[in-house]
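First the structure, in the form of structure tokens, and then the observations on it.
The values are calculated or read from the model by the stated rules, or taken from the named source; none is laboratory data. What you see is a predicted model; the values in this text were computed from it and never measured. No Cβ is skipped: glycine too gets one built from the backbone with ideal geometry, and neighbour counts run over all protein chains shown.
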Amino acid sequence: MERNNHLRRQVANLRQSLFDQGYLDEQFIELEELQDDANPNFVEEVVTSFYKDSARLIHSIDQALEKQPPDFAKLDNSMYQFTGSSSSIGAKKVKTECTQFREYCRAGNVEGCKRTFLQLKGEYAVLRKKLEVYFQYARQAGPIETASSRAK
């Protein structure tokens, strides 16, 4: 029992740190509110789907950035999709980098796109690692309390 309470505190602290450090925004809370006893792993499933989709987009963007001259319309379209996916899970820092990348696309700034894309991939990797740890602890702790009792 005490071990489980300790795990729940760790999960709560990890979760809060993701918000405090600016990795997640309120959209993540909204996803959590959709999770219930009938679908206890809903948030993790949505995030896993995000990673599968974003891996494809990252690969596509990488390839498009290699072409000379780059197709800014294609890059912007791919990044628009990435922005939407990031927004849907509340990936705040990733979404911010996506928005910056799209601004460089509109300006036709290849170097800005490349630099921002490197930053985006870094933020994406950090978020992925942090969420993997969070979900690992959350699974060990078992079902979490209801959304209305969680701190924001």
**Prompt:** Do you know which of the residues in region 10-56 that are in a loop (DSSP other than H, G, I, E, B) and modelled with pLDDT of 95 or more is surrounded by the fewest Cβ atoms within 10 Å (Cβ to Cβ)?
**Reply:** Gly22
**Message:** I need the full set of residues from region 96-129 which are touching a residue at least 24 places away in the same chain (Cβ under 8 Å) and under 18 Å from Tyr51 (Cβ atoms), in order please.
**Reply:** Glu97, Phe117, Leu120, Lys121, Glu123, Tyr124, Val126, Leu127, Arg128
**Asked** Applying the selection to region 1-16, what residues are more than 14 Å from Phe135 (Cα to Cα) and not basic (Lys, Arg)?
**Response** Met1, Glu2, Asn4, Asn5, His6
**Request:** Mind listing just one residue for me: the one in region 90-138 that is of a type in the set (A, V, I, L, M) and crowded, with 18+ Cβ neighbours inside 10 Å and, of those, modelled with the lowest pLDDT?
**Result:** Ala138
**Asked** Of all residues in region 12-42, which are over 23 Å from Thr83 (Cα atoms) and acidic (Asp, Glu)?
**Response** Asp36, Asp37
**Message:** Given (1) of a type outside the set (Val, Ile, Thr); (2) under 24 Å from Glu26 (Cα atoms); (3) free of Cβ contacts under 8 Å to residues at least 24 places away in the same chain, identify the lone condition not met by Gln81.
**Reply:** (3)
**Prompt:** If we scan region 72-89, do we find a residue that is of a type in the set (Gly, Ala, Ser), loosely packed, with under 14 Cβ neighbours inside 10 Å and over 22 Å from Phe42 (Cβ atoms)?
**Reply:** yes
